[in-house]
Every structure is written in C-alpha cells, then in structure tokens.
Amino acid sequence: MYSIGNLAKLSNTTVRTLRYYDEIGLLAPSQLSEGGHRYYEEKDVIKLHYIKLLKEMGFSLNSIRQMLEDQHLSHKEALTMQLKVLELEKARLEERSRSIRYLLQVSEFEDLANWKDVFDRIPMNSSPTPTEVYESIWSKYFSKDEVQFFKQLPKIGDDTETIKIYTSLINDIRINIHIDIASPKAQDLASRWIDLLEKDFHWNFKLAEKVWSKQKEIKDGLGFYRFDPAVVDFIEKAITHYFKEKVRG
C-alpha cells in the first residue's frame, strides 16, 4: 500500500493533484483509514501512470475519466480519436500561421501604418479565399488547362521560397519606386521580375501577360494579389524599357 505522499513522490505528482483526482472521481484510493488518510494499491499506481500518459497526449481529464469508465472504448479507438483532435488542431494552427504570414508579406507590398490597417486586412485577407471560389471566374477567360495551372501557382501566405523572393523583390521596388526606369537598378528589378514570372509560368510569358492584363481589366480581380498602382506602373514601364533595349541589342 502507498500513502498519498508516497504515491505523489513515486509518480512525480503532487498530493494536491491526487486529492483533486479523487474529488472528480478519476482516481479514488483503494482504502481510507479511520483518520481519512488515503492509501493506494499497485493497481492504482498503474492507473495513475495511464492517466498521466493520456494527459500528456492531450486528452482532457473529463475525456480520460470517460475512457476509463467506458469499457467499450478500446485503447486503439481512444488514440485514433485523439489523433483526429490533434490533426484538427494542427490544421487550425497552420491556418493561423498562414494568416500571420499573409499580413507580414502584405506589409512588404504596402504600408500597414497602424493596427487599424492590420485589422482592416484581417476579415478579407487573413484567411485567403479558397482557390475553388475563383475557378468559375478563371473559366470565363482561360482554358481548363490554364485554370488547373493557376491552382498550382504560389500564393501570398504560403511559406515558400518563391513567395519570399517575391516579397523581397516588391520591397526593393517600393524602395526604388522613384528612380529612373532606364537606370541599371530599375532594369535589374525588371529583369528579376521577368525571371520570376517566367519560372512561375513555366516560361509561358504570353500567359503571364494575359493574366496581368485581365487582372487590371476585371473590376473584382481574378483572385491574384492587387499591387499598389505605383508599383504596377513602375513594373510596366521598367519591363517595357527592358524589352525595347533587348530588341535594340
């Protein structure tokens, strides 16, 4: 037999915790002395370790109690249930992470001067609209193959190297937005932009141009990010000059 103090030391648990487990009917002592002292048998020690294991795996005390009482719930079924809970939690945390990444990336594309700007962004953009919503829009202007291709394009909020490169490039453009588009720096920015587009669109620059044109033409957009007009103007002028010089060369 183990006193409550001995069991607490043996299991690296507090006496207060063991008393609470008794109060909620999770782990009752096998014996009570006339003075009200709790004593536990070997089976109670095993049960306590089982409780601790399930608790570390994420089960609530209420769930653990039900599992111990429900003889029809096998260990495998209980673990499967908890795995589903953890997978849902993982998905929820990933969505929250994606929302934060989205706002951080947007802050590179435009000025989010204060918390109001951030909060204004959250309802529409912190949880980016699912790609499926835009398929009906894309299908009006693009072929089925092109629509399928768009679904694979990188999106703001993704934790990918491509998005990091885009973020860095847009930030560089914003910093240099007032320089001469014919300058070496502006032409380097144009070249970097073209390289990214060609890689993302698998060197189908005509499709990239078509998307760019439709994105400006359609009032509500195509579901792609709408850059600041000043950034768009700079990119277009710098790229136009880039190709002119390329033709001359």
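Before moving on, here are some points about what is shown:
- Sequence-distant residues sharing a close amide H with Asn176 (under 5 Å, placed H): none
- Each Lys and Arg adds +1 at its Cβ and each Asp and Glu adds -1 at its Cβ; summed about the Cα centre, the chain shows a dipole of about 120 debye.
- Counting charges near Leu27 (Lys, Arg +1; Asp, Glu -1) among other residues having Cβ under 15 Å from its Cβ returns a value of +2.
- Environment charge at Thr240 (Cβ cut-off 12 Å; Lys +1, Arg +1, Asp -1, Glu -1): -1
- All Cα-Cα separations within region 2-69 were binned at 10 Å from zero, giving a P(r) of 21, 58, 19, 2, each value a whole percent of the pairs.
- Relative to one another, the C-alpha centroids of region 1-79 and region 152-194 are positioned 59 Å apart.
- Calculated [222 nm] ellipticity per residue, helices only, for the chain: -21500 deg cm²/dmol; basis is -39500 (n - 2.57) per DSSP H run with n ≥ 4, divided by all residues, nearest 500.
- Based on C-alpha pairs under 8 angstrom that are at least 6 apart in sequence, region 2-69 has a relative contact order of 29 percent.
- Measuring between alpha carbons in the structure, the pairs from Lys144/Lys246; Lys76/Lys151; Lys185/Lys206 lying more than 29 angstrom apart are Lys144/Lys246; Lys76/Lys151.
- Among Ser143, His202, Ile175 - extreme Cα towards positive end, dipole of region 129-249, charges at beta-carbon: Ser143
- Residue separation of Ser33 and Asp180 scaled by 0.36 nm, minus their Cα-Cα distance, works out to 43.9 nm of gained length.
- Across the chain, C-alpha contacts under 8 Å between residues 6 or more apart give a mean separation that, scaled by the residue count, equals a relative contact order of 13 percent.
- Protection proxy ranking, peptides 164-172, 137-145, average beta carbon neighbours within 10 Å, highest first: 164-172, 137-145
- Net +/- balance of residues flanking Glu198 in space, Cβ distance below 15 Å, scoring K and R +1, D and E -1: +2
- Which label in (i) 159; (ii) 213; (iii) 137 gives the computed volume of the Cα convex hull per residue in Å³: (ii)
- 3J(HN,Hα) along region 30-35, derived from phi through the Karplus expression 6.51 cos²θ - 1.76 cosθ + 1.60 where θ = phi - 60°, amounts to 6, 8, 10, 6, 4, x Hz, with x in place of Gly and Pro.
- Stretching Lys144 away from Asp159 to a fully extended chain increases their span by 2.7 nm, per 0.36 nm per residue minus the current alpha-carbon distance.
- The charge dipole of region 129-248, taken about the Cα centre with unit charges on the Cβ atoms of Lys, Arg (+1) and Asp, Glu (-1), comes to about 320 debye, rounded to the nearest 20.
- Once both labels are positioned 7 Å from their Cα atoms along Cα-to-Cβ, the gap between Glu217 and Ser136 label points is 2.1 nm.
The numbers here are math on the coordinates, done by the rules we state, and not lab data. Since we're looking at a predicted model, the values are computed, not measured. Cβ: placed from backbone, ideal geometry, glycine included. Neighbour counts: every protein chain shown.
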